[in-house]
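The values are calculated or read from the model by the stated rules, or taken from the named source; none is laboratory data. These figures come from a predicted structure and were not determined experimentally. Please note: Cβ atoms are built from the backbone with ideal geometry, for glycine as well, and neighbour counts cover all protein chains shown. Quick note on the areas: whole protein, heavy atoms, side chains included, nothing else; ligands and nucleic acids left out. Shrake-Rupley method; radii C 1.70, N 1.55, O 1.52, S 1.80 Å.
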Amino acid sequence: MDDLTALAHQLATKARAASRSLVTTSAAQRTRTLHGLADAIRAAETEILRANADDVSAARSSGLDAPLVERLKLDAKRVAKMADAVEQIASQPDPIGQTLEGYVRPNGLRLEKRRVPLGVVLFIYESRPNVTTDAAALAVRSANAVILRGGKETLHTNAVLAKVIMHALDDTGLPRDAVQVVNTPDRALLAHLLKLNDRIDLVIPRGGAGLIRAVV
């Protein structure tokens, strides 16, 4: 087993274990986690912007198109919006256990369709750093474990955001592997992750047509 295969198995196995723990968490606990994450994003603004400046500089040096550089770039206002978006997700009704429909059979047996967590989600996206915190927050809100694989352009920013997210998870007792941010830019890792359908329940590619075709 090569290093990338081993890393893919490690990420997926940890996510699967975390997903089982998340099922037992309460809506209140997950809400606290999200409010803590919003606070942690605000507190880490300086560190986030410093890391993002490194990413923006590297992107410009590599010749990345100006519109993509603009998507990548953060400032104080954008960091504040990231925190606000997490709080908006925290304020949403908890989806777990909601009854979508139900009926009683002639024999008196009642059947219901309820919302339950999916399990493990692999989320693949490109240069927008705010997607990292948005996706993490949505996963926590819905009690799903998520593996986040951002573009190489956001490597430094995502490394800081990963620490911020982990801090919020630790503070409220949620499993830290509930949100894992891939820290290697090697695209070959994706091929290994996409084979692990015994541990990954859903793959979401967010980006251009090339990314979506590659995942399909």
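Structural remarks
- Packing-based ranking, highest mean first, of 172-183, 17-28 given that Cβ atoms within 10 Å are counted: 172-183, 17-28
- Cα→Cβ-extended label distance, 7 Å offset, between A209 and Q88, nm: 3.0 nm
- Sorting the segments 61-67, 117-123 by their mean number of nearby beta carbons within 10 angstrom, highest to lowest, gives 117-123, 61-67.
- Potential extension, V216-N197 segment - 0.36 nm per residue separation minus Cα distance: 5.5 nm
- Reachable aspartates and glutamates, given that their alpha-carbon falls under 16 Å from the alpha-carbon of K152 and they are not under 8 places away in the same chain: D54, D55, D65, E70, E126, D186
- Phi angles of the stretch 72-84 translate, via the Karplus equation with coefficients 6.51, -1.76, 1.60 and θ = phi - 60°, into HN-Hα couplings of 6, 6, 10, 9, 4, 5, 5, 5, 4, 5, 4, 5, 4 Hz per residue; Gly and Pro are given as x.
- Nonpolar atom fraction for the chain, defined as the carbon and sulfur part of the 1.4 Å probe accessible area, stands at 52 percent.
- Amide H contacts of V146 (H built 1.01 Å from N, under 5 Å, at least 5 apart or other chain): V121, V179, Q180
- Contour minus Cα-Cα distance for D171 and A159 (0.36 nm per residue): 2.4 nm
- Farthest towards the positive end of the charge dipole of the chain, among the residues L111, A51, A191, is the Cα of L111, using unit charges on the Cβ of Lys, Arg, Asp and Glu.
- Close amide H partners of I200, meaning residues 5 or more places away or on another chain with modelled amide H under 5 Å apart, do not exist here.
- Magnitude of the charge dipole for the stretch 67-120, about its Cα centre and with charges confined to Cβ atoms of Lys, Arg (+1) and Asp, Glu (-1), is about 160 debye.
- Under the Karplus curve 6.51 cos²θ - 1.76 cosθ + 1.60, θ = phi - 60°, whole-Hz ³J(HN,Hα) for the stretch 58-70, x wherever Gly or Pro sits: 5, 5, 5, 5, 7, x, 4, 4, 3, x, 6, 5, 5
- Solvent-accessible surface of the chain, averaged per residue with a 1.4 angstrom probe and all protein chains in place: 52 square angstrom.
- Put simply, when 51-60, 70-79 are sorted by average Cβ atoms within 10 angstrom per residue, most first, you get 51-60, 70-79.
- Taking θ as phi - 60° and the Karplus parameters 6.51, -1.76 and 1.60, the scalar couplings of the stretch 89-106 work out to 5, 4, 7, 5, x, 5, x, 6, x, 5, 8, 8, 6, x, 7, 10, 6, x Hz in sequence order, x denoting glycine and proline.
- Length gained when the stretch A53-A6 is fully extended (0.36 nm per residue, less Cα-Cα span): 13.7 nm
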